[in-house]
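Participant: Supplied in structure tokens, the structure appears directly below.
The values are calculated or read from the model by the stated rules, or taken from the named source; none is laboratory data. As the structure is a prediction and not an experimental result, all values here were calculated from the model. Reconstructed Cβ throughout: ideal geometry from the backbone, glycine too, with neighbour counts over all protein chains shown.
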Amino acid sequence: MTDRERQQALDSAELVAETAGPAPVTGELPPDDPVAAGGETRSQWRDVWRQFRSHKGAMVALVLFLGILLFVSVGPLIWTLDATYVDIRARNSGFSAAHPLGTDQLGRDMLARLMAGGRVSIAVGLTAMVIAVTLGSFVGLVAGYFRRMDAPLMRLTELFLALPLLPLLLLMVTLFRESLSQSFGPAMGIFILIVGAIGATSWMQAARIVRGDVLGLKEREFILAAKSIGTPPARMILRHVLPNVLSPIMVAATLGIATAIITESALSFLGLGFPPDFPTWGRLLFDAVDQMVLYPSRVILPGLFISLTVLCVNYVGDGLRDAMDPRIRGR
Amino acid sequence: MKLRTLLMGAAASLVLAPAAMAERGADGAVSIIMWQAPSTMNMYLSSGTKDIIAASMVLEPLASFTPEGTLTPRLATEIPSLENGGIAEDLTSVTWKLKEGIKWSDGTDLTADDVVFTANYCMDPKGGCAQLAKFEGISAVEAVDPLTVKITFTEPRPDPFSAFVGGQAPILQKAQFESCLGEAAPTCTEQNFNPIGTGPFKVVEFRTNDVITFEANQEYRDPAKPAFATLTMKGGGDAAAAARAVLETGEFDYAWNTQLAPEVLAGMEANGKGRVEAAFGSLVERIHVNLTDPSPSLPEGERSTTKHPHPFLTDLAVRKALSMAIDRNLLTEIGYGPAGQPTCNLVPAPAAWASDNTECLTQDIEGAKALLEEAGWVAGPDGVRTKDGMRLSLLYQTSVNAVRQDFQALIKQWWSEIGVETELKTIDASVFFGSDAGSPDTLQKFYADVEMYANNFEGNNPEPYLAKQTCDKAPGPENQWQGENTSRYCDPEYDKLVVELGKTVDLAARGELGKRMNDMQTKDSHSVIPLVYRGTASAVSNTLGGVMLNAWDTEIWNVADWHRIKE
Amino acid sequence: MLNFTIRRLLLAIPTLIFISLVIFLLLEASPGDPLGDVPLTVPPEVKERMREALGLGQAWYVRYGLWLKQFFWVEPLYWFDSLFGTGFSDGMQRIISFQSRSPVFDVIAQRVPQTLTVIGMSYLVGVLIAIPIGIISAYRQYSWFDQIGTFVSMIGFSMPTFFTGVVLIIIFGVKLQWFPSVYDTTLVVRDWDSFLAQVRQMVMPVTVLALYNAAQISRFMRASMLDNLGQDYVRTARAKGLSERTVVLKHVLRNSLIPVVTVIALGLPAVFGGALITEQVFKVNGIGQLLITAIYANDIPMVLTVTFLFAILIVMFTLIADILYGVLDPRIRYD
């Protein structure tokens, strides 16, 4: 590195320090030694939380989301009716004390079905999303940051993209449905299968997006600066690159939950998802589509829950993103 | 309300019929929506109703069945009988006279040679003909003269009306199919997609699994028919969408097989654009019990074959208990409404053949429990009965269909009450009923313990239908999985009765034999658990006249008479 | 950049061949093996022809090679023949579908028009709506426009197309009778009336899919714009006295397009792949429906061919996206 280059790098490092410096409420300059500062994450995370709390939409969404989680997890302990219990005399009943959200065409309690369905749908949505986004971000970061890894990883991504979701899922379902349902029971077997399949087949978009962003980011001055002071790659990625590609990852995560919930119901639509007596929000919605005109509440309720969950995750994601952006923080 | 609409429709059609039928093609276009798209026009290569319906507008048999279940001549001048000498005194042959002047849609004459050729085409041992049962027991088909065909049987046949009768066994044109005999049959793409026929319509364009365009056959024998110049048959979607396209949006004139919950259909009919018509033939929704082992641990090609008996469904007590636990009245009410009746029979009609077997109509959960208890099936800690280490755990498959999934849920619950655990599985209808035996999920493959679907027989003679349940008709690799004995039911006694039925002439005695065979499969062996006697329900636009839903032949058997009711 | 493009194009060939191999092996590994299942229905002679077509009964690498030959040699020859009336492909076995017993490419050719018009149009509409919405939402973050935009796009994305499709059919097909609920694949646009009919039957499927696509793209657009709006160069540009319009539309937008370009490039091959559920709801029997019926029927030649065509498009569009990165951000270099 020539002297001139070094000077440039120092200049840009200064610039970064200057611009990032005034932003935090604390008004402190970033610590000189990031390793030692690692012990002081307390203040940083408190900042994030403080900022997050000031984001009204995110707070409302978080409370609502926790509410939905409680509804599907604790709900069945309070409302103990079995979601698959057929009470034929009570079929098609409206909202009543015995069935607060009515019953379906076979007299199964809608409230219980929504709770049971939500547990599956949220579990499928979150698990599949976490798998997909983690995998995708990892591949994207590595491919974007290390030039040598770019070609092989991107060809791998292309390969996975080329195996369209549905045939691959079909293949996995036909391959593993019987053996998994034998070793884990029909429901758990299908859960593992669906979550694994959706997760393993939907990471590519996140990977491509993260890589694209990293490619641009890598040439920015602050990265050059950080590099020039000898930051090791792992810390570079975690501390400098990752935070700057967080927002597309957040979007991918939000959308990923919705996609996973709907993909699951689409699989049922094709007779490939959970067994027909196993309620999920997507399935409840699908089953009620025929009766939409007669009993609108049967489509509105599961639809509402799916949308609400996705909206909540989206706002929480927005809030987190804002809270973690040092430029906005403290504004 | 519905009756009135019907009567008005009938009255209107009577008044307008002469005007409407005055000229061929005067009423423009008519459209049919089939939510299962036809994949071929050659029903000799497919056992699917969807394909037979599509082909029946082009290819015609010698005689058809009326909606009442009686015979009516089509390409023949009259129905052969002992009186007119068409049926030989010794019952070993039947002679058909073809109508004079019938032309194929390419302008050539229909001759007895075409009929003979069709028989050879289907009876070719290498052709894999799906309708071979119709030609069973035929020793020779000969052309006596260009308009006379003589079918000789190996044994006396009291009911000779199977080959060339009904929409499943029509006449193919010899000139067109000559190069498609035997092994070449499935490779004749052009012929199988665009067969030349004598029917009211001819194929203009065939798009496999999508849409078929027909136009009026200018060579059709009745110069005034068909009233429609073009006919479009669209495939795809689902039953609800098909019903909606006729009853709510009015885009289509006719929707085939709109099997939906009665309340949903009633809601759609309220729009006043059309009505759902039901005709009762012999369609029975039933559960088939797999008497062979569908275990995935068996090698491919041996699963669900007679080589391996089922571990516990071979126990009569289990099968009987499964049947007793079902409330058929409730199933009918929820699933079919006016288009269904609870039944215990495999052969619900005609009256002479219908057994008075009604004991299953009352649900008996306690009785079923006692029966299992007696047979040594003891409830385990989880409520599921076991015996000798075997659990009463079933895989119950059917097609994706709202009514069937409701049935699955209900039946699963009843079975759980008697200590039988049920795992449900659904398969896309086009696969489940698909004629492609390559798929592991077809009803013939039967890789499950029990499966539910509906089946019927064509014509008023259940004999061939009963004869399909013999030991050698069990689906398997050796018959390319085309056999109709899905339960793999095998009783030498039953096979003997089939032979006896084939020799019996007296109608009353035949009915009695039929009842016995029906009872053997249902209340005696419970290898088949009948649920509901179903009407064929199809949605018809109020502007479409002349529709006479026929459950004994293809349901659009009289498509030549269809016409537009003018406002 | 030209160097890079040529290198990538050359690299694409082994990549594609590898992809086809993986797809082949995947299908090979599936339990619906054509040798074990499909040929049971058909007589030995056709079985033999299928064996020839797929090279079954031989070692897998021979079979795979045969498919490659049919795809890259016999089919192009056949097209050449039908274009120039020559007879090079006579006696050669084209890729034959197990299902309909007709050549795979004939059926694909039958299905491509409706897939391209409906799904392609919906994608175009989706992108055209999404980009302005994303820009405005980000520029006026937390304004009522942004809030409504977020709400609508999240609802749009979380509502499956089998639901929105049926809702649209009930409202616009049944109640208002504005649009047909069944897509007519045989309609040929000849004159103004048939063009109108085509437009009318496309409105609902296109809306359903466009809403879904727009929701997704606008979210990425918004997030990326937000990231860039806070950057220093924006402050600098404003400080320089550039107009707000120039700052947002020229500087910020250009820098924000990278993730959006990625998403769009990823979505375009799917246009060819069709949208299974939308196709089913509106009875647009396109490639999606073809693929799913082929999968169900274990129609291996059909599945393999369609999936491979899909792979070609993916490799092509990722290359285009990579080139666009360089155009949008000159700092990105691949050499």
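Participant: Any residue that is among the acidic types (Asp, Glu), surrounded by fewer than 24 Cβ atoms within 10 Å (Cβ to Cβ) and part of a helix (DSSP H, G or I) - is there at least one of those in segment A:268-287?
Facilitator: Yes.
Participant: Answer yes or no: is there a residue in segment C:111-128 that is out of contact with any strand residue (DSSP E or B) (no Cβ under 7 Å at 6 or more places or on another chain), within 12 Å of chain A (Cβ to nearest Cβ) and more than 25 Å from C:LEU291 (Cα to Cα).
Facilitator: No, the conditions are met nowhere in segment C:111-128.
Matching residues to (1) modelled with pLDDT of 85 or more; (2) of a type in the set (A, V, I, L, M):
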residue: C:SER158; (1), (2): no, no
residue: C:ILE169; (1), (2): yes, yes
residue: C:PHE172; (1), (2): yes, no
residue: C:PHE179; (1), (2): yes, no
residue: C:VAL188; (1), (2): no, yes
residue: C:TRP192; (1), (2): yes, no
residue: C:LEU196; (1), (2): yes, yes
residue: C:MET202; (1), (2): yes, yes
residue: C:VAL206; (1), (2): yes, yes
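Participant: Could you tell me whether segment B:159-166 includes any residue that is in a loop (DSSP other than H, G, I, E, B), within 14 Å of chain C (Cβ to nearest Cβ) and in contact with a helix residue (DSSP H, G or I) (Cβ under 7 Å, 6 or more places away or on another chain)? Working first, answer last.
Facilitator: First, pick out the residues of segment B:159-166 that are in a loop (DSSP other than H, G, I, E, B): B:159-164, B:166.
Checking the rest, the ones that are also within 14 Å of chain C (Cβ to nearest Cβ) come to none.
Checked segment B:159-166: no residue is in a loop (DSSP other than H, G, I, E, B), within 14 Å of chain C (Cβ to nearest Cβ) and in contact with a helix residue (DSSP H, G or I) (Cβ under 7 Å, 6 or more places away or on another chain).
Participant: Here is a follow-up. Take the residues in segment B:311-336 that are among the charged types (D, E, K, R) and in contact with a Phe, Trp or Tyr (Cβ under 9 Å, 6 or more places away or on another chain); name whichever of them is modelled with the highest pLDDT.
Facilitator: B:ASP327
For (1) basic (Lys, Arg); (2) in contact with a strand residue (DSSP E or B) (Cβ under 8 Å, 6 or more places away or on another chain), each residue gets a yes or a no:
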{"residue": "B:ARG207", "(1), (2)": "yes, no"}
{"residue": "B:GLU251", "(1), (2)": "no, yes"}
{"residue": "B:ASN257", "(1), (2)": "no, yes"}
{"residue": "B:VAL264", "(1), (2)": "no, no"}
{"residue": "B:ALA278", "(1), (2)": "no, yes"}
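Participant: Only one of these conditions is not met by C:ILE277: (1) facing chain A (nearest Cβ under 8 Å); (2) surrounded by 20 or more Cβ atoms within 10 Å (Cβ to Cβ); (3) over 26 Å from C:PHE24 (Cα atoms); (4) of a type outside the set (D, E, K, R). Which number is it?
Facilitator: (3)
Participant: For B:VAL141, indicate whether it is in contact with a helix residue (DSSP H, G or I) (Cβ under 7 Å, 6 or more places away or on another chain), at pLDDT 80 or above and of a type outside the set (Ser, Thr, Tyr).
Facilitator: Numbers: in contact with a helix residue (DSSP H, G or I) (Cβ under 7 Å, 6 or more places away or on another chain): yes; at pLDDT 80 or above: yes; of a type outside the set (Ser, Thr, Tyr): yes.
Against the criterion (in contact with a helix residue (DSSP H, G or I) (Cβ under 7 Å, 6 or more places away or on another chain), at pLDDT 80 or above and of a type outside the set (Ser, Thr, Tyr)), B:VAL141 qualifies.
Participant: Something else now. Can you find a residue that is part of a loop (DSSP other than H, G, I, E, B), within 14 Å of chain C (Cβ to nearest Cβ) and free of Cβ contacts under 8 Å to residues at least 24 places away in the same chain anywhere in segment A:189-206?
Facilitator: No, segment A:189-206 contains no residue that is part of a loop (DSSP other than H, G, I, E, B), within 14 Å of chain C (Cβ to nearest Cβ) and free of Cβ contacts under 8 Å to residues at least 24 places away in the same chain.
Participant: I'd like to verify a number: residues in segment A:111-127 that are crowded, with 24+ Cβ neighbours inside 10 Å and basic (Lys, Arg), how many?
Facilitator: Looking only at that region, the number is 1.
Residues checked against (1) at the interface with chain A (Cβ under 9 Å from one of its Cβ atoms); (2) in a loop (DSSP other than H, G, I, E, B):
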| site | (1), (2) |
| --- | --- |
| C:THR150 | yes, no |
| C:GLY156 | no, no |
| C:THR185 | no, yes |
| C:ASP193 | no, no |
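Participant: Another question, if that's okay. Quick check: is even one residue across segment C:160-183 more than 10 Å from every other protein chain (Cβ to nearest Cβ), over 30 Å from A:GLY319 (Cβ atoms), touching a helix residue (DSSP H, G or I) at 6+ places or on another chain (Cβ under 7 Å) and hydroxyl-bearing (Ser, Thr, Tyr)?
Facilitator: No; the residues of segment C:160-183 include none that is more than 10 Å from every other protein chain (Cβ to nearest Cβ), over 30 Å from A:GLY319 (Cβ atoms), touching a helix residue (DSSP H, G or I) at 6+ places or on another chain (Cβ under 7 Å) and hydroxyl-bearing (Ser, Thr, Tyr).
Participant: Taking B:SER487 as the residue in question, decide whether it is under 27 Å from B:LEU260 (Cα atoms) and touching a residue at least 12 places away in the same chain (Cβ under 8 Å).
Facilitator: Criteria met by B:SER487.
Participant: List the strands (runs of 3 or more DSSP E) that sit entirely inside segment B:229-343 and contain at least 2 residues that are within 30 Å of B:LYS412 (Cα to Cα), more than 14 Å from chain C (Cβ to nearest Cβ) and not hydrophobic (A, V, I, L, M, F, W, C).
Facilitator: B:274-289, B:340-342
Participant: Moving on. So which strands (runs of 3 or more DSSP E) stay within segment B:38-130 end to end and still have 1 or more residues that are within 15 Å of B:GLY167 (Cβ to Cβ), free of Cβ contacts under 8 Å to residues at least 24 places away in the same chain and more than 14 Å from chain C (Cβ to nearest Cβ)?
Facilitator: Counting at least 1 such residues, we get B:71-73.
Participant: Next up: Just need a number here: residues in segment C:131-144 that are more than 12 Å from chain A (Cβ to nearest Cβ) and either more than 20 Å from C:GLY230 (Cα to Cα) or assigned to a loop (DSSP other than H, G, I, E, B) (or both). Step through it out loud before you land on a result.
Facilitator: Here is the first cut: in segment C:131-144, the ones more than 12 Å from chain A (Cβ to nearest Cβ) are C:131-133, C:135-136, C:139-140, C:143-144.
Pick out the ones that are also either more than 20 Å from C:GLY230 (Cα to Cα) or assigned to a loop (DSSP other than H, G, I, E, B) (or both) and you get C:140, C:143-144.
Qualifying residue count for the region: 3.
Participant: Please specify each residue of segment B:220-241 satisfying the condition of being in contact with a Phe, Trp or Tyr (Cβ under 7 Å, 6 or more places away or on another chain) and over 30 Å from C:ALA275 (Cα atoms).
Facilitator: B:PRO226, B:ALA227, B:PHE228, B:THR230
Participant: Filter the helices (runs of 4 or more DSSP H) completely within segment A:63-170 down to those with at least 3 residues that are touching a Ser or Thr at 6+ places or on another chain (Cβ under 8 Å).
Facilitator: Passing ranges, in order: A:110-145, A:147-162.
Participant: Say we look at segment A:302-323 and pick out the residues that are within 15 Å of A:ILE122 (Cα to Cα) and more than 8 Å from chain C (Cβ to nearest Cβ); which of these is nearest to the chain's Cα centre (by Cα)?
Facilitator: In this case the residue turns out to be A:VAL313.
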